[in-house]
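Remarks on the structure that follows.
Values in this text are rule-based calculations from the coordinates and carry no lab data. It should be emphasised that the depicted structure is a prediction, and the values quoted were computed from it without experimental measurement. Note: ideal-geometry Cβ built from the backbone for every residue, glycine included; neighbour counts use all protein chains shown.
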Amino acid sequence: MIEFTDQVVVVTGAGRGLGRLYALELARRGASIVVNDLGGSMHGDGADAHVAELVVDEITAAGGVAVASHDSVGDPAGGAAIVAGAVERFGRLDAVISNAGIFNSIAIEGAPHGIASNTVLPFGFSRMVTDTVDDAAAIEDAGFLQAIRPELVVPIVVYLASRDCELTHQNYSACAGRFARVFVGLGQGWVSEADDAPTADDIAARLAQVSATEPFTVPGSIFDEVFGVCDRLGIAM
């Protein structure tokens, strides 16, 4: 069983919605949780300390350990304060779950330090999307809201935050109980080996090869692509 005993996890945006569900499940599995939430509106306005405090109360009432953080993730100082608060309170920090951020570059920057980073594309109905639905009652009757309930996103997020996970630099989709990797594939393409620069006519003549989706690779960084092309050209790097 995946467990988080003696581990500390920061969950940003943990006062409501998906973030709250992540925090509750991680705490149930033994993690000490830093419940970070400014408590603002859906548009980022205002602040309400009680939003994070209520989740802390839920966790502690169930026998878990949690503290609230009201620092903003909108600036570097706020992010630093969240981390500092976790270390000051618990003496360590094992994982960060950010509900509003793009961490793909962190996978490269963090690799030398043993920091793994993955992203999740969550499909879960919450207050953030309520205003986008014209007839919520109709789609609820059809079972759609039940199918995309936010609880179904939680398992993959918890796994990716665990010590059992050795993955990094990956993207995953969680939708209605289906979990799948999402990636940018790079086709083999066509390499011009002529001394003269290729022309638009060359592209037109080889468009099928340029546009082919198979075979493909999944480059981990821009260097993988550059070195791969150089290798095909016989250029030693």
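Using the Cα gyration tensor of segment 186-233, with a ≥ b ≥ c the square roots of its eigenvalues, what is the shape: rounded (a/c below 1.5), prolate (a/b larger than b/c) or oblate (neither)? Taking the square roots of the gyration eigenvalues as a ≥ b ≥ c, segment 186-233 is oblate. The calculated FRET efficiency for the pair residue 41 and residue 221, based on their C-beta separation and a Förster distance of 41 Å, comes to about 0.65. Add +1 for every Lys or Arg and -1 for every Asp or Glu among the other residues with Cβ under 15 Å from the Cβ of residue 187, and state the total. Around residue 187, the charge tally is -1. Just round it to a whole percent: the fraction of Cα-Cα distances in the chain exceeding 24 Å. In whole percent, the long-distance tail amounts to 56.
The distance linking segment 175-237 with segment 141-167 is 33 Å (Cα centroid to Cα centroid, whole angstrom).
Our summary gives segment 186-233 a relative contact order of 53 percent, counting only alpha carbon pairs under 8 angstrom and 6 or more residues apart.
Neighbour counting of Cβ atoms within 10 Å sorts the residues 12, 199, 60, fewest neighbours leading, into 199, 60, 12. Think of each Lys and Arg Cβ as +1 and each Asp and Glu Cβ as -1; about the Cα centre, that makes the dipole of the chain roughly 660 debye.
Label positions at residue 196 and residue 173, each projected 7 Å from the Cα along the C-beta direction, are separated by 4.4 nm. Ranking of 22, 159, 172 by neighbouring Cβ atoms within 10 Å, starting from the fewest: 159, 172, 22. In percent, rounded to a whole number, the relative contact order of the chain is 16, using alpha-carbon pairs under 8 Å and six or more apart. Positive end of the dipole of the chain (Cβ unit charges, origin at the Cα centre): among 168, 9, 228, the Cα lying farthest that way belongs to 9.
Comparing 76, 40, 50 along the charge dipole axis of segment 8-180, the residue lying farthest to the positive side is 76, per the Cβ-charge model. Taking the DSSP bridge list for segment 8-180 and keeping only pairs wholly inside it, about 15 percent are antiparallel. Pairs of Cα atoms nearer than 8 Å and 6+ residues apart set the relative contact order; for segment 1-93 it is 28 percent.
By the count of other C-beta atoms within 10 Å, a proxy for reagent exposure, 160, 167, 26 are ordered fewest to most as 167, 160, 26.
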